[in-house]
Amino acid sequence: MSRKSRRPNAFALAVAVGGAAATGIGSTAEAKITRISVDCARSQSPTYCPGQSPTFEGRSFGAVGQYEKIRGTAYGELNPLDPRNAIITDIALAPRNARGNVEYSTDLFILKPLDLAKGNRRMFIDYNNRGAMRLGTINGGVVTNDPTKASDAGAGFIMNLGYSVVSMGWDPGANDPADPKLMKINAPVAKYPSGSSSVDITGPAYEYIVFDRAGVQSSGLTYPAATLDKSKATLTVRALLRDTPTPIDASGWEYASDMSIRLLPAGTAFKPGAIYEFVYTAKDPVVAGVGLAATRDVIAFLRHDKVDNPLAGAVDHTYSFSISQPSRTLNDFVYLGFNQDEDGRRVIDGILSHTAGGNGVQINYRFAYTGRTERNRQNHLYPEGVFPFAHQVTTDHLTGKTDGRDVRCTATNTCPKRFEVNTSNEYWVKAGSLLTTDSQGRDLKDPKDVRFYLMSGLSHGVGNAASKNACQQFTNPTSPYPAHRALLVALDKWVSDGTLPPKSQVPTRANSVAAIAVAGSQTGIVPKEELGWPAIPGVTYTGTITTRYTLDFGPQFINGVVTNYPPSVAGRPSYPIFVSKVDKDGNEIAGVRLPPVAAPIATTTGWAVRAAELGGPDGCESDGQHIPFAATKAQRLAAGDPRLSLEERYKTHDGYVKAVAAAAAALEKQGFLLPADVKDYIAEAQASNVLTGVVAAAAR
């Protein structure tokens, strides 16, 4: 990337590579961040781009003051012979420079107090999702990779606390050229060496293809096809997950290019909701695990280096915040030893992880699929849910392996303190209970540095009570972000002065609020009676829950190479998994019950059923349901709804507001809400129309 700074030496000076320069394959040169450049065309930084104004239109945040935004590129090198890097799949096959190191570059985002002395000496790592930052969710602002306007900061939660915010590219799959704001990484492609040239690496590749909209005529491939010979590939289709895939004849599809396929005859569209699976031979695998090393080295540089570092001397502690895909990535980041930097120091002190479950991400494999995630219907044949699932060392009774996610960091004393926050959706569709049990479903004692929280009744993302997406019911709008704010404060106190955070709140076998899933041939089923699910008119209950199989990815899988794609589930053993039981409304009993669950106006679930025309009754992936209560007893009885009406629960609008206030106050006392969010919940309840019509009718 060319340097665009208007200052000759502004934040773009080469950082000396530690140790003597060396050449040759056997180089032992230390490899870190070698230089950083700033792009003033995308920055708002008076410090590094003279003449520019602070970001957020000069808005000031409490005692911290104004902020500046720096966008640029970090350039790094990795010594492939260093054991901390050698764990990266195919790094030995990546191109090397004259020093024997593997080069990469990554996008860099820094949002820092204009006067660092007024900051809180803490780095907030926005570990982005497919290149998209999530600062806006916890900040109460706009979700954007380019926060610029005063309104983009929302309530300014993070800035008011004085954090420096950092994000970097780590995901080779976040490469959409149509979106230049995505945080990208330029990772190398592995090749077999052959004299002075190189030879393409090829291998089996698998694409799971589902479109929930009509008219889509082509589908892109993650990796280029090694050959366009259609006899070397197969395309199948099925309506439901339980169906047997039907092969599509070679005359029914073609390669549009080496990076996409389309159906024939020309103009034929993929059927909405149908499951298509494409197996082919791919080439040019990206050394995706470099993204883990880049994460390590960027954070370590900004935390410790004194030269050409915009945060030099201003970082005492580092905390990551992540939602979904990057949370799973941080599971692998710690498991593979990347929370220890090349000087042996801890990289991330505290991890606030949302919706990771016990899964990793598909990053340290040949032909990695970092953008995929498995659920009860989608992508369930990729290597994401692979033992170990828990932080603790356990023995897998199905394979005989003994391992744990914290084995390496425990050995090096570099484990972070960690909050594992998951929603109901992770329990229903991502086998979330395996995070806190052994492979036989027996409860594990919490590790001393980890707490586990179920956000009761929440879906994977924040839905919309007026939208159904691909589901039968309206989607679940309950947000976890208020709890995230309180947990960040608790995490900082835990790391900084040892103040213990709230105790774990998850379903366990010991507290008898777990409904055990019964494994089937393709999916598990949670019996309606065991869950306690009420018979709600017009709502389909299937009890479908992901079955976590032990899959055979081939004999080279231990080395990060998948040779059996897609693996078969036929005859494969599975792990016991479970979810929280529900109350008489259908709302979950276990976990952290936020005000919309503790003082409900609807049944909210983390699971949903797809609409019939889009693949129902298969599960609706990441969505949950919002199933409103009747307003009055008369309406409830007329509909045959067993759930009490709003009128029967709260009597009046004021009664509802008081119930919300009591629920919010209880959560504040437990440490799951901050005072400002308690006030917001109460204000939202006061502004709602819950029972306002009923009160008005009674007054007449």
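Of note:
- Residues (among the hydrophobic types (A, V, I, L, M, F, W, C), surrounded by fewer than 24 Cβ atoms within 10 Å (Cβ to Cβ) and within 17 Å of the chain's Cα centre (by Cα)) located in the stretch 365-389: Val386
- Residue count for the stretch 513-557 under the criterion of being part of a loop (DSSP other than H, G, I, E, B), open to solvent by less than 20 Å² (accessible area, probe 1.4 Å), hydrophobic (A, V, I, L, M, F, W, C) and modelled with pLDDT under 95: the result is 2.
- Number of residues in the stretch 644-677 that are part of a helix (DSSP H, G or I), among the hydrophobic types (A, V, I, L, M, F, W, C) and surrounded by fewer than 21 Cβ atoms within 10 Å (Cβ to Cβ) equals 6.
- Residue identified as in a helix (DSSP H, G or I), touching a residue at least 12 places away in the same chain (Cβ under 8 Å), surrounded by 19 or more Cβ atoms within 10 Å (Cβ to Cβ) and acidic (Asp, Glu) among Asp107, Asp171, Asp152: Asp152
- No other residue among Asp243, Asp229, Asp212 is over 29 Å from Arg328 (Cβ atoms) and out of contact with any strand residue (DSSP E or B) (no Cβ under 6 Å at 6 or more places or on another chain) apart from Asp229.
- Residue match in the stretch 421-437 (condition: under 30 Å from Gln625 (Cα atoms) and more than 19 Å from the chain's Cα centre (by Cα)): yes
- Within the stretch 192-200, not a single residue is open to solvent by 50 Å² or more (accessible area, probe 1.4 Å), within 30 Å of Arg238 (Cβ to Cβ) and among the β-branched types (Val, Ile, Thr).
- The set of residues in the stretch 128-143 that are in contact (Cβ under 8 Å) with a residue 12 or more places away in the chain and assigned to a loop (DSSP other than H, G, I, E, B) comprises Asn128, Arg130, Gly131, Met133, Arg134, Gly140, Gly141, Val142.
- Pair list, Cβ under 7 Å, 6 or more apart: the stretch 185-207 residue closer than 22 Å to Ile261 by Cβ and in a loop (DSSP other than H, G, I, E, B), other residue modelled with pLDDT of 95 or more and open to solvent by less than 20 Å² (accessible area, probe 1.4 Å): Ile201/Ala190; Ile201/Pro285
Here's the yes/no breakdown for (1) in contact with a Leu (Cβ under 8 Å, 6 or more places away or on another chain); (2) of a type in the set (D, E, K, R); (3) open to solvent by less than 30 Å² (accessible area, probe 1.4 Å):
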{"site": "Val592", "(1), (2), (3)": "yes, no, yes"}
{"site": "Pro595", "(1), (2), (3)": "yes, no, yes"}
{"site": "Ala599", "(1), (2), (3)": "no, no, yes"}
{"site": "Thr605", "(1), (2), (3)": "no, no, yes"}
{"site": "Ala611", "(1), (2), (3)": "no, no, yes"}
{"site": "Glu621", "(1), (2), (3)": "no, yes, yes"}
{"site": "Phe629", "(1), (2), (3)": "yes, no, yes"}
{"site": "Ala638", "(1), (2), (3)": "no, no, no"}
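- Some residue of the stretch 492-505 being among the charged types (D, E, K, R), in contact (Cβ under 8 Å) with a residue 12 or more places away in the chain and surrounded by fewer than 16 Cβ atoms within 10 Å (Cβ to Cβ): yes
- Identity of the residue in the stretch 441-491, open to solvent by 40 Å² or more (accessible area, probe 1.4 Å) and among the basic types (Lys, Arg), that ends up farthest from Thr410 (Cα to Cα): Lys468
- The sole residue among Gly273, Gly267 that is in a loop (DSSP other than H, G, I, E, B) and either of a type in the set (A, V, I, L, M, F, W, C) or open to solvent by 30 Å² or more (accessible area, probe 1.4 Å) (or both) is Gly267.
- Cβ-Cβ distances below 6 Å connect the following pairs, each with a first residue in the stretch 397-424 that is within 28 Å of Pro480 (Cα to Cα) and modelled with pLDDT of 95 or more, a second residue that is crowded, with 16+ Cβ neighbours inside 10 Å and among the aromatic types (Phe, Trp, Tyr), and a separation of six or more residues or different chains: Arg405/Tyr335; Lys417/Trp494; Glu420/Phe452; Val421/Tyr453.
- Answer residue from the stretch 208-231, given it is in a strand (DSSP E or B) and not polar (S, T, N, Q) and is farthest from Glu613 (Cα to Cα) among those: Ala225
- Lys669 being over 24 Å from Lys584 (Cα atoms), basic (Lys, Arg) and modelled with pLDDT of 95 or more: yes
The values are calculated or read from the model by the stated rules, or taken from the named source; none is laboratory data. A quick note: this is a predicted structure, and the numbers were derived from the prediction, not measured. Counting neighbours? That spans all protein chains shown, and the Cβs are built from the backbone with ideal geometry, glycine included. Accessible surface areas use protein heavy atoms only, side chains included; no ligands, DNA or RNA. Shrake-Rupley method; radii C 1.70, N 1.55, O 1.52, S 1.80 Å.
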